[in-house]
Amino acid sequence: MTEDATLNRVEGPNLVLRLIEPEDAEYVHGLRIDPRYNQYLSEVSGTTADQRAWIERYKVREAAGEELYYIIERLDGVRCGTVRLYEIEQDQFTWGSWILDENKPTKAALESAVLSFDLGFNVLCKTIALVDARSQNDRAIGFYRRFGMTEVRRDEDHIYFKYHRAQFYADYRTATNLTRTETKR
C-alpha cells in the first residue's frame, strides 16, 4: 500500500503529511508525555524506545493497508503534529491521534484535517470516517461539529462521530477556499 506516492507524502498550501518513521519516536513520545498536549490522550507509560518499537510494529500494519500514521510538518520541514487513519476497512476508517504542537502554522487544524480526510475519502475511496473525542475536550468537539460531523452516540468518557464523504465534499469546497485565502496574505 505504501508504494503509492500519494500515501507517502501529501502536500498542502502550508503543511505536509508524511508517513511516520521509527526516527520520529522521540518527537511522538515527547508530544504524548507533554501535559500541554496529552490531556485528552490515553496515558503513556513507556519510553522513547518503546515508542520506536510501536512504530516499527505499526509499519507492518501500514504495509498491509490497515493503518496510516502521519507526521504533520510545516513546509520548512519543522514537525508540528500527528494524525492517523486506522481500522481501515472496506467502506470506512477511523481518524485520530491528531495532535498539533506550538510549531503549527495558522489554520493548521483545518488544513491537516482536510488533507487527512481527503486521503481517506478520495485516495482510499472510503465513504465514512469514524471519530471520537473525550467528552471534556470542548475544542475538538466544537471543531468536529463545525466540520459537519454527526454525533452518533456518547458514553461517560467519549462522544462518537461519523463523517460522511458527501459532507466532506461540501465542507472541502469551503475549507479549500479558506486555506487558499490564508496563504495569499
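The values are calculated or read from the model by the stated rules, or taken from the named source; none is laboratory data. Only a predicted model underlies this, so the values are computations on that prediction, with no experimental measurement involved. When we count neighbours, we look across all protein chains shown, and the Cβ atoms used for this are built from the backbone with ideal geometry, even at glycine. Ligands, DNA and RNA are excluded from the accessible area calculation, which covers all protein heavy atoms including side chains. Shrake-Rupley method; radii C 1.70, N 1.55, O 1.52, S 1.80 Å.
Filter segment 143-164 down to the residues that are touching a residue at least 24 places away in the same chain (Cβ under 8 Å) and out of contact with any Asp or Glu (no Cβ under 7 Å at 6 or more places or on another chain) and list them by number. Residues satisfying the conditions are 143, 162, 163, 164.
Scanning segment 62-92 for residues that are crowded, with 16+ Cβ neighbours inside 10 Å, touching an Asp or Glu at 6+ places or on another chain (Cβ under 9 Å) and either of a type in the set (D, E, K, R) or farther than 26 Å from residue 103 by Cβ (or both) returns 66, 67, 79, 84, 88. So, in segment 108-161, of the ones that are of a type in the set (D, E, K, R) and under 15 Å from the mean Cα position of the chain (by Cα), which residue ends up farthest from residue 11 (Cα to Cα)? The selected residue is 132. Only one entry of 55, 71 meets the criterion of being at pLDDT 90 or above and in contact with a Ser or Thr (Cβ under 7 Å, 6 or more places away or on another chain), and that entry is 71. The residues on offer are 127, 106, and the sole one that is surrounded by fewer than 21 Cβ atoms within 10 Å (Cβ to Cβ), touching a helix residue (DSSP H, G or I) at 6+ places or on another chain (Cβ under 7 Å), at pLDDT below 95 and not basic (Lys, Arg) is 106.
State whether one or more residues within segment 132-148 are modelled with pLDDT of 95 or more, open to solvent by 30 Å² or more (accessible area, probe 1.4 Å) and not in a helix (DSSP H, G or I). Looking through segment 132-148, none of the residues is modelled with pLDDT of 95 or more, open to solvent by 30 Å² or more (accessible area, probe 1.4 Å) and not in a helix (DSSP H, G or I). Restricting segment 109-121 to residues that are open to solvent by less than 10 Å² (accessible area, probe 1.4 Å) and in contact with a helix residue (DSSP H, G or I) (Cβ under 9 Å, 6 or more places away or on another chain), the residue that is farthest from residue 36 (Cα to Cα) is 121.
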